[in-house]
Each structure stands twice: as C-alpha cells, then as structure tokens.
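Written out below as structure tokens is the structure these notes cover.
The values are calculated or read from the model by the stated rules, or taken from the named source; none is laboratory data. All figures in this text were calculated on a predicted structure; none of them were measured in a lab. Virtual Cβ from ideal backbone geometry, glycine too; neighbours counted across all protein chains shown. Accessible surface is based on the protein model in full, side chains and every heavy atom, while ligands, DNA and RNA are left aside. Shrake-Rupley method; radii C 1.70, N 1.55, O 1.52, S 1.80 Å.
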Amino acid sequence: MGIANLARLPSPQWDCQKAGSGARLRCMTNQSICPIEETQSVEEFAQSARDALAKLSPLSRLRKLRHELPRFERQVWRELAQAGWPSILVPEAQGGLGLDLRHACAVATEVGRNPLPEPFTAIAIHAVCVLCALPESEQRNQLLSGIASGELILGIGWQECVGQIEPDETVETCATRTTNAYHLTGQKRWVVPGSGAHGWLISALEGSDLGIWWVPADSTGVTVCEVERVDGSSCATLTLQGVEVPQSFKVGHGDTALKALGRGTEMARLAQSAELLGIASRAFDITLDYLKTRIQFGKAIGSNQALQHRMVDAYTQLELASACLSQALRQVSSSPELLRLAASRTKARCADVALLITRLGVQLHGAIGFTDEYDLGLFLKRALQHASWLGSIDKMRLRHHDEQALCASDTPKESVKASLSLLGNTQWSAITEGDFRALVRAFLKRYYPEHLRHASHRLHWHECKDWYETLSEHGWIAPAWPKEHGGMGLPGDKLLAFIEEMEDYGVCRLPDQGIINLGPVLIRFGTTQQQAQYLPKILCGEHIWCQGYSEPNAGSDLASLRTEAVLDGHEFVVNGQKIWTTLAQDATHMFALVRTSRDGKKQAGISFLLIDLDSPGITIRPIQNIAAEEEFCEVFFDNVRVPQQNLVGELNAGWTIAKALLGFERLFVGSPKTPQYALHLLKKIAHSRGLFESERFVARYAELELDVTDLKSLYGKFAEIVKRGEALPPSVSILKVFATETYTAITRLMVQVCEEDGGQLGPVELGNESVNVLSPLMNATITTIYAGSNEIQRNILAKFVLELPT
Ligand SMILES: Cc1cc2nc3c(=O)[nH]c(=O)nc-3n(C[C@H](O)[C@H](O)[C@H](O)COP(=O)(O)OP(=O)(O)OC[C@H]3O[C@@H](n4cnc5c(N)ncnc54)[C@H](O)[C@@H]3O)c2cc1C
C-alpha cells in the first residue's frame, strides 16, 4: 500500500497525549492548541465531526456519488483519517487514539445528521472492533495500523442468509488448508464496503472450527457483485472460489473468533443506532422549521393542533431514543457483559424512531417532501438502509426479550435486621443509595400490611389509616419536607429512591394531598402561623386534605373556575361547586382555588384558600366511577364562611401557587414503576396461558417490554435533574404522556389476552394465585386524564418546548 500525499485538513485535528493516568486530547485548530479534559472530549469530538462534515461533505456530494461506484471516495476517507475518524477505537500501539465508544458514537450521530457517503460505521467501528477483539499478531496489528492511517479500507464478510443476526447462525463458506496456504470457497452477502475496499475479513469454517481470514480484494477467485441500496450506498455480495491466502492471513479462530465477530457486530449496531438517532434528529429539525414557516389557510401549518401533537409524539420518541442510547453506552462501559442487550434495545429503538420521524417528516411536508431535490428523502432512505442492515427492528426486539430473561438475576436479599439498624439514622446524605434502598425495603417488609400490596383500587381512609400512622410514628410520612417542619428532609436522589421502592413494593397511595401538595405550598407560601397550625396535623393524620381545583366548567381550562370567595369583614364567603375531588368524603379539609376577582386576566383573579369541610354550608356527594367505586366527589359551597387568615399567599396570587409544584407531580405520574408492575402481571398471565408459545404475542410483549425499559432511561434523565437540585424543564411532560400511555397499552393487552376472563369482575384464577385483570386497565384510564390531561401536556410541549406557533 503506497503512502498517500495527504491534503491538510481545514477542520480541527485530534492528537492524543498521555497525561497522568488518563488520556488528554489536544484540539489542533489553526489558531491555538487548547488542552481538553477528557470529560469535555465527547462534545468536542462531535463539534469537530460537525465541522469536518460541513466542509468536506455537503449533501450534494452524497447525491452525486450515489450514481458512481464505489459510491464513496478514498481520498475523502484519507482526509477523515487525518482528523482521526477511523482511529478512534484503534489502540495507541497501532497508531490509534485508543478512545471509547462514546467518542465513536458522537461522530456517528453527526454522520447521521449529515449523511456521509464513506462507510464510517462499517470500517471505523465494525472492522476495527472485530480486529481489536482478536489475539495480537503481526497481521492483525498491520491491519489495524492500516485502518488508522486511512490507507486501508476494510470490510467484514460474515453474513450469508437473509435475517442472519449472529455470526455462527449460518456459515457455509469453508476454508481448506494446504501446506502453505488456505483456500476459501463460499459466498458472503451485505458486505460493506464492497468494490471500494482493499479487502475483507471473511468468516469460514475449517472443519467445524470457525475462523477469520484476511482476504485482499485483488486475490484470485474473488468476485464482487455490488447491490445498490435504497440510500444510494451499496453492499456487496462476495463470491469466493477457492481463493488462496497465505496461512498467516488467518487472524483468529474458535471461540475467540466467534466472540470477536459478535463483539464487533454489537459495537457496530450501537454506532449504527447513534447514526439513526442523528438521522432522526436532523429530519425532525427540518420538519419543525418547515411547520413554522409554511403558510396554508393564512397561518403557519404548525399552528394546527393535529400536527403539533404528532410532532410532540415524534419529539418524545426522539428523547426516548437518545436516553436509551446514552444509557446503553454507560451500561456497556461499566458492564461489558451487557453489550448484546444494550445493542439490541438501542438498535430497535433508534431504527424505529428514525423510520417514524423521517416518514412523518415527508408527510408533514406534503408533496415537496416526496421530491428527490428536497433533502428529507435522503434521510428517509438512510433510515431505511440502516434499519434493515445488521438486524431488523423485530429481530432486535426479540433478541432483547430473550437476552433480558438470561441477564435477569435475583438481587441479593439483604438482611432485614441489619438494614433496620439504620432506621434511627437521619443523616440521609451519609447513607449510600444502596443502603438507603435496602433500609426502605426492610422497613416495608417489616411494617407494610401484606394484604394492601398492589391494591386494586384507591384505598379509603379507614383502610389505610394504620399505615399512615405507622409512617407518621417513624417520622417517614413526609419524605420531601424539610426536617425542621417534621419531614424526612430527603435529598433528591434518596427521595426518588424512596418513591421507587414504595411503588416497587406495591405500597398503596395514601390520601396524600396534605403531604404532597399542601405541605410544600405552606412551607413556601404560608405564614408562620399557618405552618404551625396545619403542618403538625397533616403529619399525624388529624387533618386529611383534598384538592379543590376542578369545577363543572373548569377542567383543562382551570383558570375559568367560578367558585367565588367574597370578603365580608374578616371572613370570605364562598359559593360555588367543585367536582372530581378525590376522596373528599374522607377528608377533613380542602385547599381550593377560588375566584376573588373578575378584573383583568382570568388567571390573575384566583386565590388559594384553606377550607374546613365541617363548616356549615358544605355538601359532599360521592360520585360512583365506572369501576363502581366512590373515589371522587362533588362538593357544594353555599355561603360558607372561611376565616381571612386561611388565605395562602397574596390575594389573587393563587394561580402561581397552584402551578408551583406541577413538575414534580409529572415526574411522579411519569414513573416507570406502574407500567413495570403491569408488565409483570401481563407476564404472569402469559405464562399461565402458554402465550409465550405464540410468536405474535411474544413480538408484542417484546415491544412493550422495550417501551418500559426505555421509559426507565428517560425517567433516569429527569431524575438526574432532580438529584442535582435543579428545576424540572417543561419537557418533563413527555414522561407523563409516555408513561401513562405505555401503562394503558400494557393493561389493554392484559385484558385482551384474557379473552372471556377479560370481562370478569373481580379476580381471575391463574394457577395458584389470582389477578384482577380489569383493575390496572381502570387505573390506567384515569392517569391519562388527571394531573393535566395528555392532550393538554401535548399542547404545553408544542408551545413551550417545540415553540410551535399558536
Ligand atoms: C380519577 C380522577 C381524580 C381526580 N381528582 C381530582 C382532584 O382531587 N381534584 C381536582 O381538582 N380535580 C381532580 N380531577 C379532575 C382532573 O384534574 C380533570 O379531569 C382534568 O383536568 C380534565 O378536566 P375535565 O375532566 O373537565 O376534561 P375537559 O377539560 O372537559 O376535557 C375533555 C377532553 O378534551 C380534551 N381537551 C380539553 N381542552 C383541550 C385543548 N385545549 N386541546 C386539546 N384537548 C383538549 C381533554 O384532554 C379531554 O380529553 C380528577 C380526575 C380524575 C379522572
């Protein structure tokens, strides 16, 4: 291979220096050499890739090269090699940068956003990772050095039949050994790159032993047949007819070779997922811009709610894919044994999202989106190529399902006694999260009534009073309140762990409006007297509060509320009606939003009032819901007199107070634990009915299982914000929407697979136990309505996150 005369790159170049124990990068720009800490290096890499792509490879290049074999340019690849692209994962000993997959994926995402004709993932990830996992040899090291320098373009020939996702699934190519050489015969398909490559690594069987051979492209007996792909790239079918290669070209065999091919392919799937994410995000941006500028019917098309909601759903999927990829990369770096699991879920999610968003993009552009001249089609076709290559969405989902069953290991059972010894400890920040979770679990095991686990309906006060008091006696009733007000004072991370452990254990929801909503409101907006008067009584359960916001004509449009409070001396006189008030019949008090002014904006005339439900003039009527339970009520106020000192905050400032705690509520409703539990029930039902024998069921189950897994990653992203003590952004609404809709989908399937039993009131027998299959469906039905209906959440996201026109 000759040494090329390399052109100097205008974009930043990367050099790697050892500094202390970790690598430090120097970004070599024309102006200066700036040292970059490793923590910054991923974003710096992405920026460098962005610049290089913009300068070296405009989309017009992609359009031009799709008609010219080999459909990429070796010279451009060499220039990218100067910027370090193929050497990211190559060890320093072979002239590489010796970095990790996060850096490679940062570049791959940029390649997705700005599609490149050169096969980055195939060479820089797939080939490099297979080689790196092979035993050291002169041949292997030379190949790696060649790739790092940009002089060697190398592909992998490992697949032979449609749908093959494992390297040992079908191998008919065989290798026979003579005195000095090997002879390879067989056919490899979907090899990338094909005709532009200098050679390939080919898997073949020598007897029953799988091996890998380096086969130069100019070897006699090799035929390359290019198969054009939808995106203008190509895969090759390689036919090998007794191709002779020296014995030293065998670079690995047996278990090592199989593992190397497996590892390389999984790493390629992760990089491919990053590329798919890049494709999706660019198509999304193009479409969002278009919705803001295209005028029809005299207004921007993006002001139509139907389109807004579709974009919000696309945005949710994009965030889901991004959270999934980030978590997969973290998982792979801390637990390499999870590589297959991580690659399966990420490829499935990112391919699905890229196809969804590129197709949506074309739809929302109308006819122009279907033209070749408009860029969107390039992204759709790239998504189609990557979704089909290296494993289809369905195959990846199924593999994730199988793999997860294998990886699921029992968490060690901690000693209840040892954990409970921490109970007296209130220095929460001094306890590790693991110990804290163990303590909560031990506490629940010791004190939570077994018969109340995973209750099938919202419990009334008489059913859960004892549990409320137990928590109260241990000082555990108000985990989020500061200690000086009698709460646990849990920091953000422990608070989330607390909620998660409670949900995981199936702890019932208490009449908790005093704890969750009113307490924090009083602590922030109440007077000292109000705090002293009410907080202790919430803690001990003497006061049970309900939330009086909604009215017959003020639901989603809450600011239209009409229940009126007129000041008369030192008392407000309240008249009107509240509705859908959860467990008002069990409550002693209500915090209510009331109208105290009709001047100006409707939000500006609302006040926050504390009302004793024993006051004369109040009538509470329970309403039976569709599950035949009296969970909510209507509450009538007829000249009810409320002391003026029961006003919280300023007069007419109630709207600000009401909005103050919404973010945390959405995180609470968006927790993955409820859908996770529903999935667990679905699994139980499926096992008892032999449904895992049905391919159709398994496919649907695997999809829902992935939805829950990715929801956990998305939740983790927002939980991190809470842990850092920062305010939740408005985008937290995606969590509420996705969690509640995933929950709904699981519970619908649960009822459906129960067939006749799906209509049964009360528990259904499943072998040794029984499950109420309808109650999760009923629970799920309300989650999409309360805490701000999902349609309203979508409106919020469209306006405040996507900034679509109104
Ligand atoms: C089980 C349960 C418990 C509840 N508990 C309480 C409680 O304790 N205290 C309390 O105050 N309230 C409570 N609520 C009421 C809840 O907050 C409201 O139901 C919710 O705000 C929706 O209002 P609505 O029912 O009047 O529906 P509406 O606002 O009439 O909406 C009807 C439908 O139209 C959609 N919609 C409305 N406006 C728009 C729009 N601009 N764009 C798109 N779609 C729109 C909604 O999403 C919904 O699908 C509870 C509700 C339920 C189901």
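So here's what we get for this one:
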| item | result |
| --- | --- |
| From the options I657, I623, I611, residue that is within 44 Å of the chain's Cα centre (by Cα), under 30 Å from L774 (Cβ atoms) and among the β-branched types (V, I, T) | I623 |
| Any hit, the range 753-763, residues being part of a helix (DSSP H, G or I), without any contact (Cβ under 8 Å) to a residue 24 or more places away in the chain and surrounded by 15 or more Cβ atoms within 10 Å (Cβ to Cβ) | yes |
| Pair list, Cβ under 7 Å, 6 or more apart: the range 782-801 residue under 19 Å from W580 (Cα atoms), other residue within 7 Å of the ligand (Cβ to nearest atom) | T784/N790; S789/S556; I792/S556 |
| Residues of the range 564-584 classified as near the ligand (Cβ under 8 Å from one of its atoms) and either in contact with a Ser or Thr (Cβ under 9 Å, 6 or more places away or on another chain) or of a type outside the set (V, I, T) (or both), total | 6 |
| Hey, D285 over 23 Å from the mean Cα position of the chain (by Cα) and without any contact (Cβ under 8 Å) to a residue 24 or more places away in the chain or not | no |
| Residues of the range 724-734 satisfying the condition of being in a helix (DSSP H, G or I) and modelled with pLDDT under 95 | P730, S731, V732, S733 |
| Qualifying residue in the range 203-220 (condition: under 40 Å from the mean Cα position of the chain (by Cα) and exposed (fewer than 15 other Cβ atoms within 10 Å of the Cβ)) | no |
| Subset of the range 545-563 (residues that are hydroxyl-bearing (S, T, Y), open to solvent by less than 50 Å² (accessible area, probe 1.4 Å) and near the ligand (Cβ under 6 Å from one of its atoms)) | Y549, S550 |
| Residue match in the range 745-762 (condition: at pLDDT below 90, of a type outside the set (K, R) and away from the ligand (no atom under 16 Å from the Cβ)) | yes |
| Flag for A197 being crowded, with 18+ Cβ neighbours inside 10 Å, farther than 23 Å from W389 by Cβ and among the small types (G, A, S) | no |
| Unmet requirement for V332, which otherwise passes all of (1) within 26 Å of Q159 (Cβ to Cβ); (2) of a type outside the set (D, E); (3) open to solvent by less than 10 Å² (accessible area, probe 1.4 Å) | (3) |
| So D614, is it on the phi < 0 side of the Ramachandran plot, away from the ligand (no atom under 16 Å from the Cβ), in a loop (DSSP other than H, G, I, E, B) and touching a helix residue (DSSP H, G or I) at 6+ places or on another chain (Cβ under 8 Å) | no |
| Checklist (1) touching an Asp or Glu at 6+ places or on another chain (Cβ under 6 Å); (2) assigned to a helix (DSSP H, G or I) applied to A236, failing item | (2) |
| Residue within the range 622-643 that is over 20 Å from Q547 (Cβ atoms), among the small types (G, A, S) and more than 12 Å from the ligand (Cβ to nearest atom) present | yes |
| The lone exception for T596 - which of (1) of a type in the set (V, I, T); (2) open to solvent by 20 Å² or more (accessible area, probe 1.4 Å); (3) within 13 Å of the ligand (Cβ to nearest atom); (4) out of contact with any Asp or Glu (no Cβ under 7 Å at 6 or more places or on another chain) it fails | (3) |
| Unique match (being within 27 Å of I431 (Cβ to Cβ), modelled with pLDDT under 90 and open to solvent by less than 20 Å² (accessible area, probe 1.4 Å)) among L490, L471 | L490 |
| V507 vs. criteria β-branched (V, I, T), open to solvent by less than 50 Å² (accessible area, probe 1.4 Å) and within 16 Å of the ligand (Cβ to nearest atom) | no |
| Pair list, Cβ under 7 Å, 6 or more apart: the range 291-317 residue modelled with pLDDT of 95 or more, other residue among the polar types (S, T, N, Q) | A300/T293; G302/Q308; S303/T806 |
| Residue list for the range 142-154, restricted to those being within 38 Å of the chain's Cα centre (by Cα) and surrounded by fewer than 19 Cβ atoms within 10 Å (Cβ to Cβ) | S145 |
| Count of residues meeting criterion [open to solvent by less than 40 Å² (accessible area, probe 1.4 Å) and within 11 Å of the ligand (Cβ to nearest atom)] in the range 764-795 | 8 |
| When residues of the range 750-773 are limited to those that are touching a strand residue (DSSP E or B) at 6+ places or on another chain (Cβ under 9 Å) and of a type in the set (A, V, I, L, M, F, W, C), the one farthest from K683 (Cα to Cα) | V764 |
| Check on L704, open to solvent by less than 10 Å² (accessible area, probe 1.4 Å), within 27 Å of A351 (Cα to Cα), of a type outside the set (D, E, K, R) and part of a helix (DSSP H, G or I) | yes |
| Candidates R641, R696 - the one that is under 30 Å from G767 (Cα atoms), open to solvent by 60 Å² or more (accessible area, probe 1.4 Å), modelled with pLDDT of 95 or more and not in a loop (DSSP other than H, G, I, E, B) | R696 |
| Of all residues making up the range 289-327, the number that are in a helix (DSSP H, G or I), surrounded by fewer than 19 Cβ atoms within 10 Å (Cβ to Cβ) and more than 16 Å from the ligand (Cβ to nearest atom) | 4 |
| Hits in the range 564-579 - residues which are buried (at least 22 other Cβ atoms within 10 Å of the Cβ) and more than 12 Å from R641 (Cα to Cα) | K578 |
